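Quick notes on the structure that follows.
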Amino acid sequence: MEIESTETATTAAALHRVTPGETVTTDASFMRGHGTYAEADVLVATVVGYVERINKLISVRPVRQRYGGDIGDVVVGRISEVGQKRWRVDIGARQDAQLLLAAVNLPGGELRRRSESDELQMRHLLSEGDLISAEIQAFYGDGAASLHTRSLKYGKVCTHLYLRSGSFITVPSSLIKRSKAHFLHFSFANAIFVDVIVGMNGFIFVSKGTGGSNDTKTDNPQQQQQDVLYSNENEPISDDERIAIARVSNCILALAKENELITEPMILQAYEASTQMEAYDILENSQQIVDVAKMNL
Amino acid sequence: MGKTEVVTDEGFRIDGRRAHELRRVVCTVGGESYVADGEAMIDTGNTKCLVRVFGPREPTVRSNVLLERASVVVDFNLAAFSSGERKQKLRQDKRLLEMASLIKSTFEAAILTQSFPRSEIAIQIQILQFDGGSLHAAINTTTLALMNAGIPMLDFVVASSAGFANGTTILDVNYTEESMDVPTLSLAMMPRSGKVVLLNLESRLHLNEFEGVLRLAKEGCTRMYGILDEAVRRN
């Protein structure tokens, strides 16, 4: 099928599936977008996907692709290397992301100056294998992402030595929808709180929640959080909390197994639907749980 | 039917095919696990090939980092249980390494590697069941797996083989025929542009017959393209 330069062609093109090498359009007035290449006035697809058109820009959106990333995305990543003034972070993208020492909050307040000793102390802050949550700040010329954790909500979520009060799961990044909140706080029966960090890259960290009690304990909540930020201490977790964390993790994996978008209401509904079975049975009954969750949504 | 006859007077081959018939092809695109970015499996008759594609990802080895484009890393493996006799794989099997390098150069021509500088695209090929034609089975399966991974390519890469025996050209040579000293030509091409990306002939073939064998292999590629295209659209 060929796309014409008229406005009416847009709807017909909306769900048109192409394969690599297939001609998308022979009209030379279109601009070349992602997933296409120009071969002598002819636009040809390079991936299996659907043709998308925005004004004069034609692109092919692939059915599946590795995480690409956008500025402002909340991601969860794992430190893969500690380097000169920077950490390298595996965020499941095509290259490791960089986290500059200048782009993190150091313990001791925002106005603290970074000294040479901070560079030497980098491994004490974050070492290889630690999980962090961060935001994509910019991209380098070669497509690598630069991260920052310049907000109290970002930072270390777990270390390689201790799983700090939670568990880490991965799902395909295409199932994560960009939303206002990527830090989700669930409160379940019997005062059990579970926090979920949903990274846009499909990396998700499910942990014991604070239930908002954190801020009231001290006069200076900011100072307290700062100290907690780089701590490696494990909080005590009760059996019920462990089960709740496992249940939420398995519900998210069940949604991913059934190719459902992972959103806050969907996680909540899947959790509700799973309550009549044990947490370890969830993945085997993913179809049933997702059906019930969708019905109640 | 004599033992040395590849094609009988009635026009049948050892596995019951006619001279210009392909073996049955079954394609499975995509896997259950999220381990690989792309996965595909093709059964060509009794040859079964599984390919997993990882990437574009951070290169696992520093020396694989190329500043201008992605590097393509191919690991070709023939399972110990794949053929009639169980054999232990040698650490550095030259034949497998050569296969891997052929496949690497084939796909470097097709993948738009320059859009992923400093990255690595790893292709892991497993021949689970071997009945001849492992090279073209591997190429066809890799094409599907790369598309499943969403890696941009100029075109499909389709492969087929053709041979010459008993005064006639035969398509899609199997293991029994290969071991009867049938000269086998492996061809990989990009079907829409008609560009040949790989042409491999390991034994001697008379020049007079070459043209016909090549034409038949091309015909096989075109048919294979129809099958692969249908498989990616269905998935």
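Please treat every number below as a calculation from the coordinates, not as lab data. Keep in mind that this is a model prediction, so the values were computed, not measured. Cβ placement follows ideal geometry from the backbone for every residue including glycine, while neighbour counts extend to all protein chains displayed.
The ranking of B:Leu201, B:Leu97 by Cβ neighbour count inside 10 Å, starting from the fewest, reads B:Leu97, B:Leu201.
Close amide H contacts of B:Val74 (hydrogens built in the peptide plane, cut-off under 5 Å, sequence separation of 5 or more or a different chain): B:Ile123.
Each Lys and Arg Cβ is given +1 and each Asp and Glu Cβ -1; about its Cα centre, segment A:101-158 then shows a dipole of about 240 debye. Summary of packing: across the peptides A:34-45, B:148-159, the per-residue average of other C-beta atoms within 10 Å ranks them, highest first, as B:148-159, A:34-45.
Nearest 20 debye, what's the magnitude of the dipole of segment A:9-62 about its Cα centre given +1 on Lys and Arg Cβ and -1 on Asp and Glu Cβ? Don't skip to the end; give the middle numbers.
Working: 5 positive and 5 negative charges, 42 e Å.
Computed charge dipole of segment A:9-62: roughly 200 debye.
For a protection proxy built on the mean count of beta-carbon atoms within 10 angstrom, sort A:17-24, A:188-195 highest first, please. Before the final figure, lay out each step's value.
On the way: A:17-24: 21.5, A:188-195: 15.4.
Most protected by this proxy first, the peptides run A:17-24, A:188-195.
Taking amide H positions as placed in the peptide plane 1.01 Å from N, state which residues far from B:Ala165 in sequence (5 or more) or on other chains have amide H under 5 Å from it. Amide H neighbours of B:Ala165, under 5 Å, 5+ apart: B:Ile170.
What does the average come to when, for each residue of peptide B:224-230, you count the partner chain Cβ atoms lying within 10 Å of its Cβ? Display every interim value, and only then the final one.
Numbers: counts 0, 1, 0, 0, 1, 5, 1.
For peptide B:224-230, the averaged partner shielding equals 1.
Residue order for A:Ile252, B:Ile227, A:Ile267, fewest other beta carbons within 10 angstrom first, comes to B:Ile227, A:Ile267, A:Ile252.
Report the extension gain between A:Gln84 and A:Glu39 in nm, rounded to one decimal, defined as 0.36 nm multiplied by the number of residues separating them, less their alpha carbon distance.
Details: separation 45, 0.36 × 45 = 16.20 nm, distance 4.33 nm.
Result for the pair: 11.9 nm of gain on full extension.
Report summary: the helix-based calculation at 222 nm, which adds -39500 (n - 2.57) for every DSSP H run with n ≥ 4 and divides by the residues of chain B, gives -9000 deg cm²/dmol. The mean sequence distance of close C-alpha pairs (under 8 Å, at least 6 residues apart), as a share of the length of segment B:25-234, puts its relative contact order at 22 percent. By how many degrees, 0 to 90 and rounded to 10, does the Cα axis of helix B:94-110 deviate from the longest principal axis of chain B? The two axes meet at around 70 degrees.
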